[in-house]
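In what follows, a structure is listed as structure tokens, so that the remarks can point back to it.
The values are calculated or read from the model by the stated rules, or taken from the named source; none is laboratory data. The structure presented is a predicted model; accordingly, all values stated were derived computationally and were not measured. Cβ placement follows ideal geometry from the backbone for every residue including glycine, while neighbour counts extend to all protein chains displayed. Each accessible area value is taken on the protein alone, full model and side chains, heavy atoms only, with ligands, DNA and RNA left out. Shrake-Rupley method; radii C 1.70, N 1.55, O 1.52, S 1.80 Å.
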Amino acid sequence: YFSNQSGTALAIDHHGNEVKKNATRRDQVNIAFGTGEVTGEFVRETLCLNSRQPETAAPGQDCVELRVILASQMTKEPFNTFEFDGVLGLGLASLAVDPEFSFFGQMSKLNNLKEQSFGYFLSKVDSVPSEISFGGHDARRLATPLQWAPVHRPEMGYWQLKLLSVSIGGERLPLCDEGDCVAIADTGTSLLGAPRTVAQRMHWLLARKVPHNPDEIDCRTFPGPEMIFELEAGVNITLGAPEYSRATGMRVLNNKTNSSQLICRASLLPVDDGEVLGPKAFILGEPALRKYYTAYDWKRQRIGFGISIQPEEGEVPDGEPRHTVYGAPPNEPPTPTM
């Protein structure tokens with residue numbers, strides 16, 4: 001994106017006031033992500049959810065004016081590994097520096113949406129693209145009706161839920177017995193996140209010995225215990241081995257017997273105790289959001305979960321390709337690591 005090639009971009013300062021074209025200095029802001037940091041300047045721009053040019057588009061439900069931060073500097077980690085062009089933040093209003101930075105907040109306020117919500121579908125195959133729908137959810141992607149859980153402490157700005165309990169194979173984690181655990185639905189996290197204080201115990205409960213020591217195995221196909229996240233309003237998020245497992249197994253050597261044992265492990269992201277999230281925060285990343293279609297109700301401040309209808313391996317959508325896949329893993333079964 002080049003603002004000088006846009007017919008609708010307007011350089012502004014951090015208050016939202018227009019910056020003169022001959023200005024030699026610009027206001028900047030630093031944004032910290034989970035890993036990495038971005039430094040950028042401010043622009044007011046028109047964003048449309050279609051292929052037409054914003055400068056020729058009439059005001060309507062598919063275009064919105066908002067403030068944008070143009071990244072002028074990025075840390076090498078993790079941004080050197082990314083192929084995408086930008087980040088579209090969809091957190092709740094209080095997470096935005098200013099209401100005009102909130103894309104969906106602006107869309108809801110200015111465009112009179114019939115439904116002030118959006119839906120998210122994460123495809124499990126590369127041939128069929130993932131999708132996000134604005135102004136409602138896509139019922140065609142749902143195998144079961146949506147079950148709604150209220151957002152916990154929406155003033156924090158996160159799509160955060162109160163977590164009543166977490167159990168693995170029928171064993172409840174004592175961490176949540178006092179009822180003060182939380183779970184955050186995060187489309188930007190590729191793993192399941194767990195507090196560092198219980199991550200080791202969860203790894204232990206989710207590890208499985210593979211009999212007969214095969215040379216190669218996809219651990220996502222090897223059975224394992226269920227992991228259940230109990231939310232408010234009777235909503236349970238249930239994940240099995242296909243969702244939480246690392247594809248590659250680990251071969252453990254026993255020096256005394258000169259033998260080895262193949263172990264299938266979970267893919268968990270340890271979450272450190274922080275001032276914002278606290279010491280009992282879990283993150284429902286891609287493993288959960290791939291199994292469950294999620295709908296985010298901006299007005300009622302709640303999240304809906306329903307089993308998603310996933311495409312079959314090799315399935316190709318009708319029409320011309322609409323997406324490009326970068327950095328896809330190999331199709332061959334993974335070789336266990338030592």
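Brief remarks on what is shown
- Residue in the range 192-213 that is farthest from VAL276 (Cα to Cα), counting only those that are touching a residue at least 40 places away in the same chain (Cβ under 8 Å) and assigned to a loop (DSSP other than H, G, I, E, B): ASN213
- Hey, GLU275 among the acidic types (Asp, Glu) and without any contact (Cβ under 8 Å) to a residue 24 or more places away in the chain or not: yes
- Residue selection: SER108 fails the criterion of being touching an Asp or Glu at 6+ places or on another chain (Cβ under 8 Å), in contact (Cβ under 8 Å) with a residue 24 or more places away in the chain and not in a loop (DSSP other than H, G, I, E, B).
- Any chance THR248 is among the hydroxyl-bearing types (Ser, Thr, Tyr) and surrounded by fewer than 16 Cβ atoms within 10 Å (Cβ to Cβ): no
- Answer from SER167, SER133 - the residue that is touching a strand residue (DSSP E or B) at 6+ places or on another chain (Cβ under 6 Å) and in contact (Cβ under 8 Å) with a residue 60 or more places away in the chain: SER167
- Top-ranked residue in the range 202-225 [being open to solvent by 40 Å² or more (accessible area, probe 1.4 Å) and touching an Asp or Glu at 6+ places or on another chain (Cβ under 9 Å); ranked as modelled with the lowest pLDDT]: GLU216
- Of everything listed in (1) modelled with pLDDT under 90; (2) surrounded by 15 or more Cβ atoms within 10 Å (Cβ to Cβ); (3) closer than 27 Å to THR189 by Cα, the single unmet condition for LEU88 is (2).
- Taking first residues from the range 69-90 that are touching a residue at least 12 places away in the same chain (Cβ under 8 Å) and partners that are in a loop (DSSP other than H, G, I, E, B) and open to solvent by 60 Å² or more (accessible area, probe 1.4 Å), the Cβ contacts under 6 Å between residues at least 6 apart in sequence or on separate chains come to PRO78/THR35; GLU83/TYR326.
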